[in-house]
C-alpha cells in the first residue's frame, strides 16, 4: 500500500526535477477523490473560509474550523501527506501560543504539518515549531491573511526592493527549518530565482513554471462554485457547478411532476402483514397501487 509522501522524499523530488502536485481539500469526499487521483500533498487551507464557509476573506476562519476540516480530510486520505493552515492570529502572538495552536492541528486534526504565512518576521516561530517536532511549510508572496494590508489580491515581486525582500524571506524560512515554501502570486522570474536559491521545494500558486510544485484550490479546478470567477493562474479541468445545478434542477422537476419516485424506488410489503396492520385499508392500498402502476398516477373512485 502506498505510503504518504515524506519530507525527505519531497527534497529528493526537487533534486530529481520531479514536480510536486498539491491540492486543497476540506472534507472527506474531496480528500478521498484527490488521494485516489494520486495527489502528492493535500492542503487543508484556510481558503475554506472563501469556498466552503462563504466568507469574503480567510480572516474569519478559526482554529476550531481548521481542526474540524483537517480531521475529516485525514480520515479520508490515510496515505497522503496532509498540511493544515494556521489561521489568522493563531500565531505571531508568541512562541508558546503558536506551539499550542499548531499542536492542535496535529493532535486533533491529524495533519502531518502546518503552514503559516510570513517570511523573516515569523522565522523564530517556525524554528520553535520545527524544534518541537512540528513540520512547517512557509507561505510568502500574496498572503491572504494580510490582504487588507497588501491592498488587495495583487501580484508580488514586481519591483526590485520587493523582490529582494521575498528572496530574503524565503531564505529565512529555509534557515528556520521550513521543509517547503508556497509562493503565491509572485512574478515568474522571481519565483524561479527563489526556487533555484533554496534547497527545499517551492510550491507555486500563480507563480509560473519555475517552481518545484504547484497547488490550486479544489473548487477552482472543478469550477465547483456559483458564480464561478475566472482566475488567470487557474486551469479548470471540469465544470461541476453546471453539472450539479442541472442535476438538482432535474430532480426538482421530477418531484414536481411526480416522475420520482417510481415503483423501482419504493419498498413493497407483504399483503397479509399490511392487512393485519390496517384491515380493509390494505385492499384499497393494493388496488390503488395497481392503478398507479397502470396509469402512472392515482385514479379517483368517484366522478368529479
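Residues that are touching a helix residue (DSSP H, G or I) at 6+ places or on another chain (Cβ under 9 Å) and either under 16 Å from residue 29 (Cβ atoms) or in contact (Cβ under 8 Å) with a residue 24 or more places away in the chain (or both) within region 221-230 comprise 222, 224, 225, listed in sequence order. Those helices (runs of 4 or more DSSP H) of region 1-62 in which 3 or more residues are at pLDDT 95 or above and in contact with a helix residue (DSSP H, G or I) (Cβ under 6 Å, 6 or more places away or on another chain) occupy 28-36. Restricting region 177-203 to residues that are free of Cβ contacts under 8 Å to residues at least 40 places away in the same chain and part of a loop (DSSP other than H, G, I, E, B) leaves a set whose member that is surrounded by the most Cβ atoms within 10 Å (Cβ to Cβ) is 187.
Of all residues in region 134-149, those that are farther than 16 Å from residue 176 by Cβ have Cβ atoms under 6 Å from Cβ atoms of residues that are outside any strand (DSSP E or B), 6 or more apart or on another chain, in 141/185; 142/185; 143/117; 144/58; 145/58; 145/88; 145/117; 147/57. Residue count for region 92-109 under the criterion of being surrounded by fewer than 18 Cβ atoms within 10 Å (Cβ to Cβ) and either closer than 15 Å to residue 174 by Cβ or in contact with a helix residue (DSSP H, G or I) (Cβ under 7 Å, 6 or more places away or on another chain) (or both): the result is 4. Report whether or not residue 208 is without any contact (Cβ under 8 Å) to a residue 24 or more places away in the chain, on the phi > 0 side of the Ramachandran plot and either surrounded by fewer than 23 Cβ atoms within 10 Å (Cβ to Cβ) or more than 24 Å from the chain's Cα centre (by Cα) (or both). For residue 208, the condition - without any contact (Cβ under 8 Å) to a residue 24 or more places away in the chain, on the phi > 0 side of the Ramachandran plot and either surrounded by fewer than 23 Cβ atoms within 10 Å (Cβ to Cβ) or more than 24 Å from the chain's Cα centre (by Cα) (or both) - is met. Examine region 117-132 for a residue that is more than 17 Å from residue 186 (Cα to Cα), at pLDDT 95 or above and within 18 Å of the chain's Cα centre (by Cα), and state whether such a residue exists. No, that holds for no residue. Scanning region 215-271 for residues that are under 30 Å from residue 188 (Cβ atoms) and assigned to a helix (DSSP H, G or I) gives 218, 219, 220, 221, 240, 241.
The values are calculated or read from the model by the stated rules, or taken from the named source; none is laboratory data. Note that this is a predicted model, so its numbers are computed, not measured. Cβ sites come from the backbone with ideal geometry, for glycine too, and all protein chains shown count toward neighbours.
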